[in-house]
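I'd like to ask some things about the structure below.
The values are calculated or read from the model by the stated rules, or taken from the named source; none is laboratory data. Predicted model, so just to flag it, every value in this text is computed and none were measured. Reconstructed Cβ throughout: ideal geometry from the backbone, glycine too, with neighbour counts over all protein chains shown.
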Amino acid sequence: MKQATPEALATATKTAKAPKHLHSFGYRARKDMQRNWELYLLVLPVLIFYFLFCYKPMYGALIAFQNYKPALGFAGSPWVGFDNFIRFFTSPFFGRLVKNTLFLSFELLIFGFPAPIILALLLNELHAGPFKKTIQTVTYLPHFISIIVVAGMLTDFCMSTGLINDIIVFFGGARSPLLQNPALYRTIYILSDIWQQIGWGSIIYLSALSGVDAQLYDAASIDGAGRFQKLLNVTLPSIMPTIVIMFILRIGSLMSIGYEKTILLYNPSTYETADIISSYVYRVGILEQGWSYSTAIGLFNSVVNLILLLIANRLSKKLTETSLW
Amino acid sequence: MKELEHIFMKKNTGKKALALLSASALSATMLAGCGGAAPASSAPAASTDSTAVSTAEGAEFSYPMSGDHAITYWTTLNEIMSSDYSNMGDSPFGKGLMERTGVNITFQHPPTGQGDEQFNLILADGDLPDVMEYHWMDYPGGPEKAIADGNILALNDIIDQYCPNLKAYLAANPEADRQAKTDDGNYYMFPFIRGDDALRVTIGLMIRQDWLTELGLEMPTTMDEWHDVLTAFKEKKGAAAPFCYEYKMGSLTDVLPFQFAYNTTKKFYVGDDGMVHFGAAEQNFKDFLTTMHQWYSEGLIDADIATQEFDQVSAKMSNGTAGASCGWAGSRMGVWSNAALATDPNYDLEPCPVPTLNKGETAKMGPIENVVPNQGGVAITTSCKDIEAAARMLDWAYSDEGHMYYNFGVEGVSYNMENGEPVYTDLILKNPDGKSIANAMVDNIRGNYNGPFVQDVRYLSQYYTLAGQKVSNATWLVKSAAKYALPPITPTAEESEQFAAIMNEVNTYRDEMILKYILGTENLDTFDDFVATMNSMGLDKALEIENAALTRYNAR
């Protein structure tokens, strides 16, 4: 609605034969750019970022269908069709890798996703004060510790002579090397992940909570609602859109767990539960120079991710009327 | 597809060879041109005569090279050196090397512990440093494939043209020559060569002799005696982890002497029949695993074997938590002894012979490295512009002067000649800054680790200061070990991808299962299934490829 006046003005001052182009997209875009060039300038770095780091590398995914040799280059490497995919699907480790990746992902989702929400809700019940501030700071801090350091600490703590075993022995248990036990691996991974991310993850929910209208609480109190009822009937519904969006975003990256923490924590005795697609890609691609093979696996992983995201979005649209698009 | 790829590669190698020829010709003419145009070159040693005919035979050539030469040199920085210098070019060794060869070297180092990862990333990037130091046999598919992939140069013509010293050494040492090239007769690196058999045995078992004496026990020579000794350590000395070593370190676990007692090894070896075998798929290996699992379940082997690293093992070996280990005489036995001797003057770590099953037997297999071990070799990459400078700089190490420099450093500074033998000065042996011998050596020479040169045995008796270290080579040496060791054989470029794909899966699976068998998370009754699974992954085919490679190697 705003477009008309300045455009008309501009055309009027410039040329007389403009009316023909008045409504063409190119013309309007050009005009808009002239008018809001500062905004376009602001968004430019982001566009460049996405182009350079998200779109430009996409052509590289084509090497999944090649037998890529760096020295021959992209143009010179031979095409092999689906060979790399077939090799992965028929690999003896295929089933285990997908299973481990899915299990770790879903367990991280089930246990890791609600944790910051619960922390945020608990913090919300506290009155602002030094205690609340301390809790928040203490829970944020681990987020800033490098994963290398975290993994080093975990390895030491989980040794048969480590801190955790000292605690187990104090309560009458027996010492055992925890990181050599495949059954415990995912628990260690997930608990440490929650410890590291819970504070950071709660920030967005705390900000959503601060936007809840205080009158709603007053009204609920007048209606005789207790603390817990207010939590269930006022607080949670108020931040539900945030939760749903966060959930969908999380689903989108469900299968793309990074390899860093895994390769720092696993060893051959825990491959059974620890080896995931990304750590396998790391071993095959970077350590064994299987460029094309690892790209094919990565591409497969991305396709699964995309499908999961689409399903989650569709479900959410149906169930909660909130969705990404 | 394979066929197509084959043709493609061949074509490419041809192109590369052509490019190489023209490049070397170009650099040669360029150098000649330089010499002619600028006779007032700053290097005093190089006469105008020698530059004019420098391309002819190399006979008139002399170091340092005249003119401006700069190359980039990628190598992992020795861990000990990294505590003193962040770049080899800043160390006395690096500075001296540049000064003496007349080549300005820019060293590039990957972060500690990320050498292999960085190496592969650099290859993927395609913009290679001029020369790269690497364990080239581990290049997936082997050195021949590194050439076929267009990453490094075949050096035959370059050696003929610029490297009289290396050429002369290889001509005089046929075994080293055979191990330093590929089946196709391509030289691909300036090799690290063990100049003496004593240098080929550096890893073995070691035990607390002071504990043995205290408990009235003999040095263990059989697996049963080892069991008794370790049990005694646990029960009488309170050692929580009687046998403890860096299991994660592949170079140690691959040659753990206990497996040799069962005439087996987890890797490929050459059997009595002259064929290549895969030890982990044979019955003997099950016997080895059975014993290891028994020891583990009795608490004789460190419980945290799969997760611990150097620091934890060092602490345990020095503070009495462990009484026996496996490692190098220098960087393990020496380091732990010296650390412990500071507080416990009786601490005495001694090397143990490779154990056998029955008393009085002699072991057949043992830890031994090839004359040209898989480390420290330097290749010239396809990105190198000044090939002559790179080749000349590297060839210098095989000259008499370079040999002394790499092994002993600078005469009058780090060593003196006494009765015709090089003897390290106090700069090395009693470093004024309080550095350990290993540390002082690493700063000034490469003789005590590796690199592109011929290692001199005369460093060893001076490097090993403890009584245990001095007898380590003789104790650990198994006379027939070399017969069973796999020489540096390589699959052909065509087979190498298939071989790499098979062995990647087999090795992953094997390492996982070995650890599970030892820890007891998997029952040894499933050993036959384990072997069957490895065969289904294509182990038969891999053995076929290896045997063909051995035949080709023997025919070299």
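When you check A:Ala183 against the structure, is it hydrophobic (A, V, I, L, M, F, W, C), surrounded by 15 or more Cβ atoms within 10 Å (Cβ to Cβ) and touching a residue at least 12 places away in the same chain (Cβ under 8 Å), yes or no?
Numbers: hydrophobic (A, V, I, L, M, F, W, C): yes; surrounded by 15 or more Cβ atoms within 10 Å (Cβ to Cβ): no; touching a residue at least 12 places away in the same chain (Cβ under 8 Å): yes.
So A:Ala183 does not fit the description; no.
Also: Taking segment B:108-152 only, how many residues are among the small types (Gly, Ala, Ser) and facing chain A (nearest Cβ under 10 Å)?
Of the residues in segment B:108-152, the ones among the small types (Gly, Ala, Ser) are B:113, B:115, B:124, B:126, B:141-142, B:146, B:148, B:150.
Add one more test, that the residue is facing chain A (nearest Cβ under 10 Å), and what stays is B:124, B:126, B:141, B:146, B:148, B:150.
Total satisfying the criteria: 6.
Could you tell me which residue of segment B:505-534 is farthest from B:Ile305 (Cα to Cα), considering only residues that are among the acidic types (Asp, Glu) and under 30 Å from the mean Cα position of the chain (by Cα)? Give the derivation first.
Going through segment B:505-534, the residues among the acidic types (Asp, Glu) turn out to be B:505, B:511-512, B:522, B:525, B:528-529.
Applying the additional criterion that residues be under 30 Å from the mean Cα position of the chain (by Cα) yields B:505, B:511-512.
Numbers: B:Glu505: 23, B:Asp511: 13, B:Glu512: 13 Å.
The selected residue is B:Glu505.
Let me ask something else about it. For segment A:64-92, enumerate the residues that are within 25 Å of B:Met537 (Cα to Cα) and in a helix (DSSP H, G or I).
A:Ala64, A:Phe65, A:Asp83, A:Asn84, A:Phe85, A:Ile86, A:Arg87, A:Phe88, A:Phe89
Report yes if A:His143 is more than 14 Å from chain B (Cβ to nearest Cβ), touching a Gly at 6+ places or on another chain (Cβ under 8 Å) and under 30 Å from A:Ile243 (Cβ atoms), otherwise no.
Values: more than 14 Å from chain B (Cβ to nearest Cβ): yes; touching a Gly at 6+ places or on another chain (Cβ under 8 Å): yes; under 30 Å from A:Ile243 (Cβ atoms): yes.
So A:His143 fits the description; yes.
Residues are listed down the side, and each one gets a yes or a no for (1) without any contact (Cβ under 8 Å) to a residue 40 or more places away in the chain; (2) within 14 Å of chain A (Cβ to nearest Cβ); (3) in a helix (DSSP H, G or I):
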| residue | (1), (2), (3) |
| --- | --- |
| B:Glu214 | yes, no, yes |
| B:Leu217 | yes, no, no |
| B:Glu235 | yes, no, yes |
| B:Thr265 | no, no, no |
| B:Ala280 | no, yes, yes |
| B:Thr290 | no, no, yes |
| B:Gln312 | yes, yes, yes |
| B:Ser325 | no, no, no |
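Condition (residue is within 14 Å of another protein chain (Cβ to nearest Cβ), among the aromatic types (Phe, Trp, Tyr) and either part of a helix (DSSP H, G or I) or free of Cβ contacts under 8 Å to residues at least 24 places away in the same chain (or both)) applied to segment A:257-275: is it met by at least one residue?
yes
Given A:Ile311, A:Ile286, A:Ile307, which one is assigned to a helix (DSSP H, G or I) and at pLDDT below 80? It would help to see each step written out before you state the result.
Values: A:Ile311 fails: at pLDDT below 80; A:Ile307 fails: at pLDDT below 80.
Among A:Ile311, A:Ile286, A:Ile307, only A:Ile286 is assigned to a helix (DSSP H, G or I) and at pLDDT below 80.
Is there a residue in segment B:100-107 that is more than 14 Å from every other protein chain (Cβ to nearest Cβ), buried (at least 17 other Cβ atoms within 10 Å of the Cβ) and in a loop (DSSP other than H, G, I, E, B)?
Within segment B:100-107, one or more residues are more than 14 Å from every other protein chain (Cβ to nearest Cβ), buried (at least 17 other Cβ atoms within 10 Å of the Cβ) and in a loop (DSSP other than H, G, I, E, B).
Let me ask you something else. For B:Leu155, are the conditions met, namely being at pLDDT 90 or above, buried (at least 18 other Cβ atoms within 10 Å of the Cβ) and more than 14 Å from every other protein chain (Cβ to nearest Cβ)?
On the way: at pLDDT 90 or above: yes; buried (at least 18 other Cβ atoms within 10 Å of the Cβ): yes; more than 14 Å from every other protein chain (Cβ to nearest Cβ): yes.
Yes.
Tell me which of these A:Pro45 doesn't satisfy, since it passes every other one: (1) closer than 30 Å to B:Thr508 by Cβ; (2) exposed (fewer than 15 other Cβ atoms within 10 Å of the Cβ); (3) of a type outside the set (A, V, I, L, M, F, W, C); (4) not assigned by TED's automatic domain parsing to the domain that holds A:Tyr280.
(1) is the only condition that A:Pro45 fails.
Restricting attention to segment B:314-323, which residues are touching a strand residue (DSSP E or B) at 6+ places or on another chain (Cβ under 9 Å), within 14 Å of chain A (Cβ to nearest Cβ) and part of a loop (DSSP other than H, G, I, E, B)? Outline the logic, then answer.
First, the residues of segment B:314-323 that are touching a strand residue (DSSP E or B) at 6+ places or on another chain (Cβ under 9 Å): B:316-317, B:320, B:322-323.
Pick out the ones that are also within 14 Å of chain A (Cβ to nearest Cβ) and you get B:316, B:320, B:322.
The answer is B:Gly320, B:Ala322.
Give me the residue from segment B:237-263 that is within 14 Å of chain A (Cβ to nearest Cβ) and of a type in the set (Gly, Ala, Ser) and, out of that set, nearest to B:Ile489 (Cα to Cα).
B:Gly250
Looking at segment A:214-248, which of its residues are exposed (fewer than 13 other Cβ atoms within 10 Å of the Cβ) and touching a residue at least 24 places away in the same chain (Cβ under 8 Å)?
Of everything in segment A:214-248, just one residue is exposed (fewer than 13 other Cβ atoms within 10 Å of the Cβ) and touching a residue at least 24 places away in the same chain (Cβ under 8 Å), namely A:Arg227.
Would you pick out the residues in segment B:102-117 that are over 18 Å from the mean Cα position of the chain (by Cα) and over 20 Å from B:Ala390 (Cα atoms)? Can you show your working first?
Going residue by residue through segment B:102-117, those that are over 18 Å from the mean Cα position of the chain (by Cα) are B:102-108, B:111.
Answer for segment B:102-117, where residues must be over 18 Å from the mean Cα position of the chain (by Cα) and over 20 Å from B:Ala390 (Cα atoms): just B:Pro111.
From (1) touching a residue at least 40 places away in the same chain (Cβ under 8 Å); (2) within 14 Å of another protein chain (Cβ to nearest Cβ); (3) touching a Gly at 6+ places or on another chain (Cβ under 7 Å), pick out the condition that doesn't hold for A:Leu154.
Answer for A:Leu154: the failing condition is (3).
To keep it simple, each residue is scored yes or no on (1) surrounded by fewer than 19 Cβ atoms within 10 Å (Cβ to Cβ); (2) at positive phi.
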position	(1), (2)
B:Gly409	no, yes
B:Tyr415	no, no
B:Ile428	no, no
B:Lys435	yes, no
B:Arg446	no, no
B:Pro452	no, no
